[in-house]
Structure formats: structure tokens, C-alpha cells
1. Is it true that some residue in segment A:465-472 is at the interface with chain B (Cβ under 8 Å from one of its Cβ atoms), buried (at least 22 other Cβ atoms within 10 Å of the Cβ) and touching a Gly at 6+ places or on another chain (Cβ under 6 Å)?
2. Name the residue that is surrounded by the fewest Cβ atoms within 10 Å (Cβ to Cβ), counting only residues in segment B:212-226 that are in contact with a Cys (Cβ under 9 Å, 6 or more places away or on another chain) and of a type in the set (Gly, Ala, Ser).
3. How many of the residues making up segment A:286-338 are in a strand (DSSP E or B) and hydrophobic (A, V, I, L, M, F, W, C)?
4. Condition test on residue A:421, is it more than 7 Å from every other protein chain (Cβ to nearest Cβ), buried (at least 24 other Cβ atoms within 10 Å of the Cβ) and either β-branched (Val, Ile, Thr) or touching a helix residue (DSSP H, G or I) at 6+ places or on another chain (Cβ under 7 Å) (or both)?
5. Report the residue count in segment A:41-62 for those that are touching a helix residue (DSSP H, G or I) at 6+ places or on another chain (Cβ under 9 Å) and either within 12 Å of chain B (Cβ to nearest Cβ) or not aliphatic (A, V, I, L, M) (or both).
6. From the list B:410, B:414, which residue is hydrophobic (A, V, I, L, M, F, W, C), more than 8 Å from chain A (Cβ to nearest Cβ) and in contact with a His (Cβ under 8 Å, 6 or more places away or on another chain)?
7. Suppose we keep only residues that are among the β-branched types (Val, Ile, Thr) and either at the interface with chain A (Cβ under 8 Å from one of its Cβ atoms) or more than 12 Å from residue B:223 (Cα to Cα) (or both) within segment B:425-441. Which one would you say is surrounded by the fewest Cβ atoms within 10 Å (Cβ to Cβ)?
8. Look through segment B:300-323, keep the residues that are touching a residue at least 24 places away in the same chain (Cβ under 8 Å) and touching a Ser or Thr at 6+ places or on another chain (Cβ under 7 Å), and return whichever of them is farthest from residue B:278 (Cα to Cα).
Number of protein chains: 2
Amino acid sequence: MSLDQVLQTAEVAFHTYKKTPAQVKATFLRAIATEIENLGDELLQVASQESNLPLARLTGERGRTMNQLKAFAELLEQGGWLEATIDPALPDRKPLPRPDLRRMLFPLGPVVVFGASNFPLAFSTAGGDSASALAAGCPVVYKEHPGHPKTSQLVFGAIQQALGSCGLPTGVFQHVSGGIEVGQELVKHPKTKAVAFTGSYKGGKAIFDQACQREQPIPVYAEMGSINPVFILPEKAEAETVTLAEQAAASVLMGVGQFCTCPGLVFYPQSQTTESFLDLLSQKLGESIGDKMLHEGISKNYYQGLTRLLAESGVETLVTAEEDVLTGHAALARTNVQEWLKNTALQEEVFGPFTLVVTYNDMAELEQAAEVLLGQLTCTIWGTTNELAEAGNLVDTVREKCGRLLFAGVPTGVEVSPAMTHGGPFPATSDSRSTSVGTNAIKRFARPITFQSAPQDLLPDELKDQNPLSIWRTVDGQFTKDPI
Amino acid sequence: MSLDQVLQTAEVAFHTYKKTPAQVKATFLRAIATEIENLGDELLQVASQESNLPLARLTGERGRTMNQLKAFAELLEQGGWLEATIDPALPDRKPLPRPDLRRMLFPLGPVVVFGASNFPLAFSTAGGDSASALAAGCPVVYKEHPGHPKTSQLVFGAIQQALGSCGLPTGVFQHVSGGIEVGQELVKHPKTKAVAFTGSYKGGKAIFDQACQREQPIPVYAEMGSINPVFILPEKAEAETVTLAEQAAASVLMGVGQFCTCPGLVFYPQSQTTESFLDLLSQKLGESIGDKMLHEGISKNYYQGLTRLLAESGVETLVTAEEDVLTGHAALARTNVQEWLKNTALQEEVFGPFTLVVTYNDMAELEQAAEVLLGQLTCTIWGTTNELAEAGNLVDTVREKCGRLLFAGVPTGVEVSPAMTHGGPFPATSDSRSTSVGTNAIKRFARPITFQSAPQDLLPDELKDQNPLSIWRTVDGQFTKDPI
């Protein structure tokens, strides 16, 4: 099938799928989860062979993938995400009567989803982007990630099974392979109504630019990475030097540093504990046995990025990583805020098990650094209760820079839940108004439509007087489940 | 002040304004309404002199402007718009504990608002875009529309009074005059975080393109007009020929056709009533006394657009409008679906009191026409109960093309209420996910941020355990006003 035929098929499927009741879509999403589980160990083994990720990690990732699908199924059954809103007619209002107005969210149409290299299950074929687009009622044209084609085919098979068992058209989910030009053609196709992407800044920005230049521009949700700064405040640093170094090291090393939320930048006070913190971090990173990275391209980029960054003025290497074809050895470097402020190249992401520690002299310097930070997926502030209470300015500045702000724990590990925001200001993502993790991800693929003076029969069930699905709605400005 | 200083000032004001409690912002919005009322008849007279709009219309528009401000004030007090969402910590969850996650919407930062020519009050200085941005917590840099500078200064004075009485910094609302290059500089400025615009396709698209090309792209909400097709179905046409012609004529003539929702395209069945419908419409439009348009540029564009469209192949002029320097005389033309399908130039908006009637032979032809329609703010389907019940395909297709779908009444007259969508697919707007009228307009200027494991003191009141503001929140996936 040509890509044009693929999008034609998606559009035809949209006619059916957009009218599919929420309950059927929920059943479909749960069926995908079941079919993925039915793939058993084969899926994990193939994924591990293709991605070099350990089986334990992939077992967890499979669970996460299934839970995501189930979370969206539940969301569909609850129906509140649709923002159903009704302003009943006021025929006697003066000077003018008010007509009956009923609004809710409707799916945008066919969505192109790009697979991510670093999550062969949870952010690929049946991952968060696909799950949220399907939940919204959008057919998905999935562009396989070349790093794990067999894994992708297996999961695609599971989705096809689920489509079959739910009696849905195969055009609801289509699977496409190919290089950059295939991706470009998909983004440019007039029938594509939105794009989701997780990957590099270069890749995401290219897609964004293409989408803007279309005759009819479309939304692009590109998650383009982040260096996830951690701000360690002085009292905390002194009180918990060892624990903080261990926490930071563990977060940097997790998954060979191949998480979008890997902390690649740590601000640490210049103080009597600085050297012990750095020594301990050096020790933890230095003694770690490097694991295989996802593929040779990732590994090559990692070492190239490292070489570039470590050569920057004012940067001192503390742990050297010997270049390897596939294994990602951890690395560590340090600089101080004044050097860091001079050079925006020190804000570029080095995707892998590396972090740059930036020492600062006082809160004024730290706030200066926060001011010039580019947009991030996460920022973390570690401070004692007392110093956090005093750090209003810093908290305020940092909040403007990120999608998620942590005050304890590490940024790696992204909960799939209603309150999650995995997003952030450009260049972390191309659309700071969205999240790609958690149930709110569904809203990326929908838009509001208002029915005015519509007969009951032409309204979707969600907007009918009787509220037959018993969902939360806003009626006359008030949340309620009551019928009209 | 240079434009750079203006944006600097806006950013400084943002530091204060984003932390201003909802109640104070609500008081501020109501104070603007009061100060506008205090301007009394002078405002109406000046606006009428500048815009040529009659006093009665402007009196209504002033009321609408004040009501918009009050509606946002009420929304702020209710707090539900913030989408406050809390997933409490689950420290004992296996295999991993869940951290405490709290999400809500936060303002984007300084917003540039462009005044609209056709609503000197309701979509200009203190109009819907400004009101929704201010309600969201964003400082506004308002670019005056050159068509009504004195009106704008009066309203700006009212806003300054309100800022003063509420003790808010003057940088929360700044007023800028100038030509296209001033607008461009505002859109390009790095401190600008979003743009709202109501006007022509050309103007809106230029702003959108600029915003995409920034080093850090920003959201643009450009409402770029629409031809608002009305689909009249056969039974309805036969049963109510006279009423429908009168309704259509009144809607076309309203405000000298200078509404974004003016119905510039009417599909009518080729039948025994076609000629009576056209005769009556011709009579109503022909006998109307043309009123002054907003300014000479609008009038010139109207007659140029008319001349262009009436010269298209297959278009027959039924009512000729004699060109005038300022007065907009109504015009009417007809064609049939086959001619219309051949020529996308017939979908271009002619902003003024004009409509094109397109006759069709059967529902298949009508559905074909709906298929090729570009994005619209509104679509209207007039049919009997029976034929609407049979028109599922048409309704379905038309729904994909618009932000608001009417089954009775006329598209002109846009209610300001929670269920309104004044938006639609490109090219009606640059962002179909948004509305520029109604309380949901506030969401254009906000983005979600999640706090993870934050101390209570660092949380905004809306996310604190006790729910001190008693707002609706989503806790563990359920709507509630309960404390944690």
C-alpha cells in the first residue's frame, strides 16, 4: 500500500471509529493489553534482542504499557475527559433569548505516531501516544522505530487481533516502516490531522517545521528531551551529602541514562561538602559497569556529545568514559555557574549516563542560572524544609521552565496517572500545553465542537438531556451528573 | 517606551500578577467592567464616530464586553477551569511507591492581543481576548486597531483605573499603537508567550508563520474568518421558503455583514421553490438601505472581493451592489453545486453583506459539497425533523468542518457562555483546539505544571490538602471538592 492509500484507509476507518461508543473503545484498549500479555516471553526476548534492554526492565515496561491502555479504557468509561458542557436554552431571556448550546471534545482524525527508540513498548507501537490517540477516537498510522522492527511487528499483531475481536476496521491502526522520507511524507499528507513524536530535538523540530509549513498546519506533539536540572540547596547538601550523591548517581545510571528525564545537570553549592559529593558521585559513576545502549547510533551520539561537551571551556572531566561501539560507560564533569552562564552549549543534552555538576556560590548565582535555563521536562529542587520556605524566588523561576517540578526523589520514573505532566516549554516539547504521559495525553487529539439547537437524536449520548452514560458534565457552569 | 521595554515591563508584571489570588483577579475584571460603564455615553459616541456602528449596536456590545469580564470573574472564583488534579502518594504500592503528584494550569506569560476592527469593544482593548488572557493570569500587551484609536484609549484608561484601584502593576496591561511592523516586532519578541488575533486570513496567517519561525515557537490563536455555510434541506425549503429567506437575509444584513459568522454561502435545493426563495432573498437584500461599513479599507475590500467573485465562471449576479466609498450595499449571487465544486475561489470570504446561493439536485451532491468545504467557524443545517434524522452522513461530514454546528437559528450572534465554541479547523482559525468566545477561551493562555512531592507551603492554594478555596478537583481520578 502506498502512504497515500494508508492515509485514505485511515480516513475511511475514522468514519466508523469516531462513532464507536466509548465502551467499545474501552474494550478495544483492554483487548490490546490482553493480546500483548498473550505474546508472552517471546515479546520480551525479541524486544531485549533488539533494544539491548534487560528482561526485567522490559517486563516492567510491558506492565506499564498494559496499564496505560487500561487507564485510558477507564477514562473513556468515566467520560469526564470530554468536557461535556451544556448551556440550556433560555427562550425568555431579555434582550435576546439564549439558544441551546452543547459542547464536547471530538477526535481530530488520523494521527501519525512515531515510535521512540528508548521505550520499545511503552512509547512505541501500542505505547502512550498510540493509546491516547486511539482513546480519543483517532485512527493511528504508526511509523515503526527502525531500532526494534520485530518487536513492533509483534505488538502490531496484538493490536490487529484486538481490532478483529472488537469488530473494528483494520484501518484504525496501521503500521508503516521506512526512513526519514517516509516520516516526512506522513507528516505532510493532507489527511494527517496531528503528529506525536518522542525523540531528539533535531527530529522533533524538523517535524514541527514541516507541520507548520503545510497548506493546513496541524498540531505536533514532539517530546524532544531535556537535561532535567537538579538544584541542591546548601543546607540539604551539607545534611545529606552521601544520600544525595547516591540518589543522583542511581538516577543518572538508570537505563544507561537513556531516559528523557535523566538528570544531566546538577547544581551543587560550593562548600565544604563539594569535594565529598563529587568524590562519591565519581566513585558511583566510575565503578558502574557500563551496559549496552539501545543501538550503535545512540552510543555513537553519546560519545560524540560527551567529547564535544567535555572540550568546552571551563569544564573539568571527573570520570572519563572510554568510547565503545555499544556499551555506554558513565561519565562525569564539573564546572561552576560563571562558566556555565557564559556558554549555552553546556545546556545541550548528552543522551546517556552523564551528568554535569555546576557549583554555585550563593542563591543569587543559582537564581541567575535558573533564569537562563531553556525549557525542561522536569526540574528538581532538593532543599531542607527551612531553605525551601526561603527559596520562593528560585521555585518561582524554576516553575516557569518545566512541566514537572520535584521536591524529593529523582526525575527518572514517570508515573502514568491523571496528575502527571510529561511536557514542558520549548525546546523540551513543541507544545507546552500538553502532556505525553498520563491520562491528560488524550486531550492532544481532540477539539471542541458546539451543537446549537440540535434535536436530541442528533446529539452524541454524552450531550443528551437524560445523560444516559451518567458522566460528569458542566451544566449552566456547574459540574453535575444530573439530567437536564 | 520601546517595544522591548514594553515586553520587559510585561514580564516584570507577570512575576506579581501570576501570584495574584483568583479573588483579586476577579475583582480586577469586574472593576474594568465598572470603569467601562463609568465612561458613559462618551465611549459609545466615540466608538460610533470611529467605527460607523450605530449607538444601539454599540450599547449592546458594551453590555457584552462587561458581561464577558464578569463571566471570567465568576469562572476564577469557581476555580474549576484550572483542572486541579491530585494523585496522592501511595507509599506502600508494589512494585514501586507512587509519589504525591499535583497538577494544575498556570499562565503562559505575556500575551500580545491584536484588536479587531469589527468589534471595537467586545473584541478589542478590553474584549474577549484581553479578558481571557488577564483571567488566566497573563499580562496583556494590546496592539490597538488603527480603526478606533480613541475608543481604545478610553477603554485603556478604564483598565488603568481598575489596575490602580486593585493595586496591580500597570505592566499587567499595556497599550501599543502602530502599523504592521509593530505587530511583527511584538510577535517576534522572545518575552511574548502567546498571541491572540481576530481579523483577516492574510493577517492571521502571517502572524502564525512568524510565531512558528521564532527561535522558541509560541501558540497563536488567530480567528481568520469563515463563510459559514447554511445547508437548507428539501422538505424544510418547501415548507418554510419565506421564513428561511427572511432569516437568511436578516443574518446577511446584520451589522452590514461585518460579522465573522455572516452566512456567505447558502445551499438550496433545486426545486419548485428555488425561484421564490431567490426572489425573496433578492428583494430583501435589494431593498435594504446600505449602511456605512467600519472604514474605507473594509468597504474597498468588500467591493473588490465582490467584483472578483461575481466574475467567476458560472456565477450569476442577482443583486448588484453599486460601489461606494463607505456604504456597504448588499449583494446576492447564485451558482450550482457542479460549478461551485470546480472552483475553490468560490470559498473565499467576501467580508460584507453578500451571500452566494448554491443550488443542488440531491443529497449526494450536497454531501459532495460538504466534503470539500474548508474549515469554518460555523455550519448551519436547516431541515425538518424527518430529514435531519435521515441526514446522518451530511451531519457527520459537516461536523468535521466547523467549530459550531447549528440546527436552527442563524450563525450571527455568538453567545458568551461555557458551551460556546467560536473556533474551527484551519483556515477558520490557526488552532482548532481553542475557542475565542466563551469561558473556555481562558484555556488558551495556560499550560499544566505538575508538582511532585511538594511541601504544602509551596503549593498554590488550589492544590493544598485542605482545598481552602473549595474548588472542584480531580483526586485519584474522581471529581470532588473534598479535602485530601
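The values are calculated or read from the model by the stated rules, or taken from the named source; none is laboratory data. Every value quoted in this text rests on a predicted model; they were computed, and no experiment measured them. Please note: Cβ atoms are built from the backbone with ideal geometry, for glycine as well, and neighbour counts cover all protein chains shown.
1. Taking segment A:465-472 as the starting set, the residues that turn out to be at the interface with chain B (Cβ under 8 Å from one of its Cβ atoms) are A:472.
From the residues that got through so far, the ones that are buried (at least 22 other Cβ atoms within 10 Å of the Cβ) too are none.
Looking for residues that are at the interface with chain B (Cβ under 8 Å from one of its Cβ atoms), buried (at least 22 other Cβ atoms within 10 Å of the Cβ) and touching a Gly at 6+ places or on another chain (Cβ under 6 Å), one finds none in segment A:465-472, hence no.
2. B:225
3. Our first condition is that a residue be in a strand (DSSP E or B); within segment A:286-338, this holds for A:291-292, A:316-319, A:327-328, A:331-336.
With hydrophobic (A, V, I, L, M, F, W, C) added as a condition, the list becomes A:318-319, A:331-333.
Result for segment A:286-338: 5.
4. Values: more than 7 Å from every other protein chain (Cβ to nearest Cβ): no; buried (at least 24 other Cβ atoms within 10 Å of the Cβ): yes; either β-branched (Val, Ile, Thr) or touching a helix residue (DSSP H, G or I) at 6+ places or on another chain (Cβ under 7 Å) (or both): yes.
No.
5. Quick first cut of segment A:41-62, residues touching a helix residue (DSSP H, G or I) at 6+ places or on another chain (Cβ under 9 Å) only: A:41-55, A:57-59, A:61-62.
Applying the additional criterion that residues be either within 12 Å of chain B (Cβ to nearest Cβ) or not aliphatic (A, V, I, L, M) (or both) yields A:41-42, A:45, A:48-52, A:54, A:57, A:59, A:61-62.
Final tally of qualifying residues: 13.
6. Of the residues listed, the single one that is hydrophobic (A, V, I, L, M, F, W, C), more than 8 Å from chain A (Cβ to nearest Cβ) and in contact with a His (Cβ under 8 Å, 6 or more places away or on another chain) is B:414.
7. So the first thing to find is which residues in segment B:425-441 are among the β-branched types (Val, Ile, Thr), and the list is B:429, B:435, B:437, B:439.
Next, only the ones that are either at the interface with chain A (Cβ under 8 Å from one of its Cβ atoms) or more than 12 Å from residue B:223 (Cα to Cα) (or both) stay: B:435, B:439.
Details: B:435: 32, B:439: 26.
Filtering segment B:425-441 for residues that are among the β-branched types (Val, Ile, Thr) and either at the interface with chain A (Cβ under 8 Å from one of its Cβ atoms) or more than 12 Å from residue B:223 (Cα to Cα) (or both), the one surrounded by the fewest Cβ atoms within 10 Å (Cβ to Cβ) comes out as B:439.
8. B:314
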